[in-house]
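Q: Mind having a look at this structure? Questions to follow.
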Amino acid sequence: MVMANLTACASIANRPPRAARSSYGCMEAVIKEKLPANLPDKRAHCLAGGLISRYCSITEAYLAGARKEMRDLWSKGDTAEWKDWTADRVGIQCARESTDDAATAQCCTDHGY
């Protein structure tokens with residue numbers, strides 16, 4: 001548990017300015033302003049995880065991914081999938097390794113997302 005907490009607090013290289021003050025506001029701003037429309041599902045998950053990590057925090061990226069899957073589980077929308085959660089985590093790792101949004105996107109591509 002301690003290791004998971006330390007990992008969630010890891011730094012992002014060249015972190016851009018925060019997208020909004022509140023957690024929810026930050027996550028919403030990133031999805032609306034930074035995530036391209038009409039992406040394949042797993043690519044959207046990877047990029048969302050990476051971009052939320054960059055513009056908000058790693059912890060908020062994990063929360064956003066978990067919230068999305070919980071919403072899918074209880075709604076009549078998308079089906080909750082472990083592969084979505086995996087794509088979120090890959091995006092978060094890409095953000096840790098990348099210095100900008102383009103590198104984060106390329107990392108998702110390199111991982112098949």
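Q: By average Cβ neighbour count within 10 Å, what is the ranking of 103-110, 31-38 from highest down?
A: Highest mean packing first, the order is 103-110, 31-38.
Q: Still on this structure, please answer the following. Per residue, how many Å² of accessible area does the chain show with a 1.4 Å probe?
A: Roughly 59 Å² per residue, with all protein chains present.
Q: Let me ask another. Once both labels are modelled 7 Å past Cα along the beta-carbon direction, what's the Asp41-Lys83 spacing in nm?
A: That separation, rounded to one decimal, is 0.8 nm.
Q: Treating only the Cβ atoms of Lys and Arg (+1) and Asp and Glu (-1) as charged, compute the dipole magnitude of the chain about its Cα centre; round to the nearest 20 debye.
A: The dipole magnitude comes to about 260 debye.
Q: Ranking request for peptides 64-71, 41-48: highest mean number of other beta-carbon atoms within 10 Å first, then the rest in descending order.
A: 41-48, 64-71
Q: Accessible area of the chain with a 1.4 Å probe: how many percent of it is carbon plus sulfur?
A: Roughly 59 percent of what the probe reaches on the chain is carbon or sulfur.
Q: Taking 0.36 nm per residue of sequence separation and subtracting the Cα-Cα distance, how much length would be gained by fully extending the chain between Glu28 and Asp110, in nm to one decimal?
A: Full extension from Glu28 to Asp110 adds 26.9 nm.
Q: Still on this structure, please answer the following. Mind giving me the FRET efficiency for Ala66 and Arg18? R0 is 22 Å, r the Cβ-Cβ distance, nearest 0.05 is fine.
A: FRET efficiency, Ala66 to Arg18: 0.60.
The values are calculated or read from the model by the stated rules, or taken from the named source; none is laboratory data. Given the structure is predicted, the values throughout are model-derived calculations rather than measurements. Note that we place each Cβ from the backbone using ideal geometry, even for glycine, and neighbour counts take in every protein chain shown. Side chains are part of the model used for accessible areas, which takes the heavy atoms of the whole protein and leaves out ligands, DNA and RNA. Shrake-Rupley method; radii C 1.70, N 1.55, O 1.52, S 1.80 Å.
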